[in-house]
Amino acid sequence: MPFDPERHHRRSIRLRYYDSRRVGAYFVTICTHKRLCTLGEIGNDAEIFLNTLGCIAEGDWQQLPEIYPNVELDNHVVMPNHIHGIIVVTANHGARTGRGMASPLRRRSFVAPASGELGNIVGTFKSMSARRINKTLDTQGAPVWQRNYYERVIRDSTELDRIRAYIMNNPAKWAEDKHNPVNL
């Protein structure tokens with residue numbers, strides 16, 4: 001099917017004219033493909049029970065600062081069908097990332113993109129975890145994550161505290177969560 005700009009136009013949900021390479025904190029939400037609960041479940045006591053796929057996603061999320069030295073992770077939670085997390089992009093003081101760099105993930109034939117831009121960081125996570133999840137499921141190339149992701153620029157410490165609380169309380173509010181398939 002040839003490209004038709006009228007039919008194939010994707011509107012960006014990014015904040016227009018905002019440079020997401022800037023130092024700052026970002027609240028991101030990444031949903032699974034079709035919002036299927038493939039990462040685990042929430043117990044009656046609001047405890048998260050990650051399955052193998054959820055553990056892969058958790059581990060790959062934790063590796064982002066190893067790939068991007070200018071990234072710090074704040075609160076995050078892996079839910080049954082999405083991940084909420086705070087990514088802090090710090091000043092890049094000579095961080096060495098990109099092609100040709102000896103990466104902790106290089107042994108898995110993965111090389112991080114050079115830019116510490118938020119879209120690349122999220123893309124790296126999605127690509128890395130999707131490969132590992134598909135290898136585990138023996139479903140090479142199957143979609144794992146929904147296209148795109150949601151982001152919010154965290155503008156001050158009050159907002160940061162509010163978002164941290166939201167992330168921490170997310171499992172307890174799963175029954176009302178807009179990402180819960182029961183509520184869709």
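The values are calculated or read from the model by the stated rules, or taken from the named source; none is laboratory data. Remember, predicted model here, so these are calculated numbers, not experimental data. Here the Cβ positions follow ideal geometry from the backbone for every residue, glycine too, while neighbour counts run over all protein chains shown. Protein only, heavy atoms only, side chains kept; ligands, DNA and RNA dropped before computing areas. Shrake-Rupley method; radii C 1.70, N 1.55, O 1.52, S 1.80 Å.
Kindly indicate whether Gly119 is under 11 Å from the mean Cα position of the chain (by Cα), under 18 Å from Ile154 (Cβ atoms), modelled with pLDDT under 95 and not in a loop (DSSP other than H, G, I, E, B). So Gly119 passes the test. Residues in the range 46-62 that are surrounded by fewer than 18 Cβ atoms within 10 Å (Cβ to Cβ) and in contact with a helix residue (DSSP H, G or I) (Cβ under 9 Å, 6 or more places away or on another chain): Ala46, Glu47, Leu50, Thr52, Gly59.
Considering the range 131-172, and only residues there that are without any contact (Cβ under 8 Å) to a residue 24 or more places away in the chain and within 26 Å of Glu47 (Cβ to Cβ), the residue that is most open to solvent (accessible area, probe 1.4 Å) turns out to be Arg162.
Looking only at the range 43-70, which residues are without any contact (Cβ under 8 Å) to a residue 12 or more places away in the chain and either part of a loop (DSSP other than H, G, I, E, B) or within 16 Å of the chain's Cα centre (by Cα) (or both)? If the condition is that a residue be without any contact (Cβ under 8 Å) to a residue 12 or more places away in the chain and either part of a loop (DSSP other than H, G, I, E, B) or within 16 Å of the chain's Cα centre (by Cα) (or both), then Gly43, Asn44, Asp45, Cys55, Gly59, Gln62, Pro65 are the ones that fit.
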